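Single-structure report; data block below.
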Amino acid sequence: MLDSLKDNLRVALKKIVGASDVNEELINELCKDLQRALLAADVNVRLVLQITKNLKERSLSETPPKGLSKKDHIITILYGELSSLLGYSGETIRTIDRKKVEENLIDFNSEKKNTILMLGIQGSGKTTVVAKLARWLSKHGYRIGVIGADTWRPGALTQLKMNCSKINTQVYGEEENKNALEIVKNGLAYFETQPVDIIIIDTAGRHKEEQGLLDEMKSMYSIVIPDQVFLVIDGTIGQQAFNQAKIFHENAKISGIILTKLDGTAKGGGAIAASSATGAKVLFIGTGERIDDLEQFSPTSFVGRLLGMGDIKALLEMARNLEIQSDENQAKRLMSGKMTIEDFYSQMENMGKMGFRNVIENLPGLSNFVKDDHLDVLQQKMEKWRFIIQSFTSEEKKNPDIIHEARRKRIARGAGVMEHDVKDLIKQYNNSKTMMKQAKGRQMQGLMRRFGLG
């Protein structure tokens, strides 16, 4: 199924890459393909519509940053919108320094002992995650203590002690005491005298319908006043995660989310739902049964998984490869004298990026219509040409010779220019096409490569 979704989005990207202009129709197609992909990944319908609405509005209104093409910008918008629903901003997505990300992942106060309250639904794997988190934090230089306050599930404390013994982490628990609030108070008092930096509190798994456990959780939050509250979500529950996370957040302010059971067939749409309901970042994902199977969450990799694609870097590379393929086809047309009017504009645009004066000095044929003191005029012409070409029909783009007076008037009206501007574009296109036909062999090919025109 994911292969099918990947193929659908690849087709949409090919349409964008192969187009001379990224217009509303193409973006609408991308949004429809994206909606199908996300719904299949078990993402809430409301969130899917929100994402695609933002994608469309931003794609049509935003100007790409310097050095980024419109096509690549749309891809970064797509990933940014999905990642924002996971609590991550575009700036975080672009971060390359992994060590810096790890250091700033959780906001701990170095002047005091920090507490982490762990919450989750029954069966989410929370107790196992407590040990995994202790391991991850220990590897990053923190000294950890754990309090076992799950008094509802038989064997919970035994399991916790067994897992934490593997990583030499001390666990405080009271086997016979069924009062979770009392255990937490005693545990905090105990670790106050111990050389630990962070205290992780394991609690009973609960459900949004279990008012007694929810009240206990609320009271525990008031007693502990934790520095962090992490919600453990089962990656297989899909859209149910929204309502579950919402209830937890209303009783204890969730600051981070840990997603489990992503080593099987889980699609992970619940991560977006839980993050959207709480406004908290997804911090970690559990990827297996071993104590080290807890990974720092990567929004771009996770979004790629939802869409059946790779990380944003891989996707951008795919888009660039498609663009290169398009450029190669364009070069073949240029060398065979079958240049289209879109090819003509693309090459003029490339020359503009390199500097018209530099190109003119090396391509004498252009001096017939571009004088050294008319470069500003040429730039203004190119702005008009872009709108003129967009007003051409597909047939006119393939064969501008069919453009007679009635067509010129229609094109001029559509582009908001004068008829003589349309004539001027066609004239320059024909001049350039003639020049390309007259240029022979390796000399022309080498010159094109020198300027990145083929």
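The values are calculated or read from the model by the stated rules, or taken from the named source; none is laboratory data. For clarity, every value in this text was computed on a predicted model and none was experimentally measured. Don't worry about glycine lacking a Cβ; one is built from the backbone with ideal geometry, like all the others, and counts go over all protein chains shown. In case anyone asks, the SASA skips ligands and DNA or RNA and just uses the protein heavy atoms, side chains included. Shrake-Rupley method; radii C 1.70, N 1.55, O 1.52, S 1.80 Å.
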Practice task
Name every residue in region 143-167 that is assigned to a helix (DSSP H, G or I) and touching a helix residue (DSSP H, G or I) at 6+ places or on another chain (Cβ under 7 Å), in order of residue number.
Solution key: Ala156, Gln159, Leu160, Asn163, Cys164
Practice task
Note down all Cβ pairs under 7 Å where the first residue falls in region 223-252 and is free of Cβ contacts under 8 Å to residues at least 12 places away in the same chain and assigned to a loop (DSSP other than H, G, I, E, B), the second is open to solvent by 20 Å² or more (accessible area, probe 1.4 Å) and not acidic (Asp, Glu), and they're at least six residues apart or on different chains.
Solution key: none
Practice task
List the number of the failed condition for Asn431; all other conditions in (1) modelled with pLDDT of 75 or more; (2) open to solvent by 90 Å² or more (accessible area, probe 1.4 Å); (3) farther than 26 Å from Val22 by Cβ hold.
Solution key: (2)
Fill in the blank from the handout: Here the residues within region 108-131 that are modelled with pLDDT under 90, of a type in the set (Ser, Thr, Tyr) and open to solvent by less than 40 Å² (accessible area, probe 1.4 Å) are Ser124
Exercise for the section: Starting from residues that are assigned to a loop (DSSP other than H, G, I, E, B) and at pLDDT below 85, keep the ones in region 281-305 and report whichever is farthest from the chain's Cα centre (by Cα). Expected result: Glu289
Practice task
Considering every residue within region 177-197, establish whether at least one is in contact (Cβ under 8 Å) with a residue 24 or more places away in the chain, open to solvent by 80 Å² or more (accessible area, probe 1.4 Å), among the charged types (D, E, K, R) and within 23 Å of Ala245 (Cβ to Cβ).
Solution key: no
Exercise for the section: Can you tell me which residue within region 168-189, out of those that are within 17 Å of Val130 (Cβ to Cβ) and part of a helix (DSSP H, G or I), is modelled with the lowest pLDDT? Expected result: Ala180
Practice task
Filter region 81-103 down to residues that are modelled with pLDDT of 50 or more and open to solvent by 10 Å² or more (accessible area, probe 1.4 Å), then give me how many there are.
Solution key: 7
Problem - Hits in region 251-263 (condition: at pLDDT below 85, open to solvent by 50 Å² or more (accessible area, probe 1.4 Å) and more than 9 Å from Gly235 (Cα to Cα)) - result: Asp263
